[in-house]
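Below is one structure, written out as structure tokens, with a few remarks after it.
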Amino acid sequence: MKGDAGAQATTTGDPSRATTNLKTRWGAAIIARIQRQKRPPRGGGRGTVRLNISVSTKGRLIAVSLAQSSGHAAIDQAALGAVRKARLPRSPKAISPGNYSFTFRMVFTD
């Protein structure tokens with residue numbers, strides 16, 4: 001997910017668009033926190049993992065799973081470990097309480 005380069009959110013009377021924008025920003029913040037916890041597995045390795053996560057609006061990890069394996073168990077476990085270690089941010093207050101799902105890639109290079 002990409003940042004907004006300082007752009008300000010404006011609403012045009014469509015609350016669902018504003019909510020989608022907030023969810024996108026929240027998702028980017030979650031992924032950034034997870035990426036900071038990424039550590040290469042012992043012995044290194046290369047691969048890309050696709051992860052599914054479910055997060056509560058309070059910032060609690062509900063579930064994490066592999067959407068697509070890298071083909072290397074150590075890399076997959078390192079990716080899952082990064083998610084479990086991360087301290088996830090709460091959602092913006094305008095987002096309805098509940099659990100939300102995000103899917104993203106994590107790339108490991110030697």
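The values are calculated or read from the model by the stated rules, or taken from the named source; none is laboratory data. Given the structure is predicted, the values throughout are model-derived calculations rather than measurements. All Cβ positions, even for glycine, are placed from backbone atoms using ideal geometry, and neighbour counts span all protein chains on display. Areas reflect the complete protein model, heavy atoms only, side chains present, ligands, DNA and RNA absent. Shrake-Rupley method; radii C 1.70, N 1.55, O 1.52, S 1.80 Å.
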Helix 73-85 axis, angle to the chain major axis (alpha carbon atoms, nearest 10°)
40
Total charge dipole magnitude, the chain, about the Cα centre, Cβ charges on Lys, Arg, Asp, Glu only, Debye to nearest 20:
380
In square angstrom, what is the accessible area per residue of the chain with a 1.4 angstrom probe?
65
Helix 15-36: inclination vs the chain longest Cα principal axis, degrees, rounded to 10, gives 30
Would you indicate which of (1) 1.08; (2) 0.99; (3) 1.17 is the value of Cα Rg over 2.2 N^0.38 Å derived from the coordinates of this structure?
(3)
Which residues make up the longest stretch of the chain that has no trypsin sites (Lys or Arg not before Pro) in a DSSP loop with at most 14 other Cβ atoms within 10 Å?
3-41
HN-Hα J couplings of the range 98-107 from phi, Karplus 6.51/-1.76/1.60, θ = phi - 60°, integer Hz, Gly and Pro as x?
x, 10, 10, 10, 9, 10, 7, 9, 10, 10
If you only keep lysine pairs separated by 8 or more in sequence, or across chains, how many in the chain come under 14 Å at the Cα atoms?
5
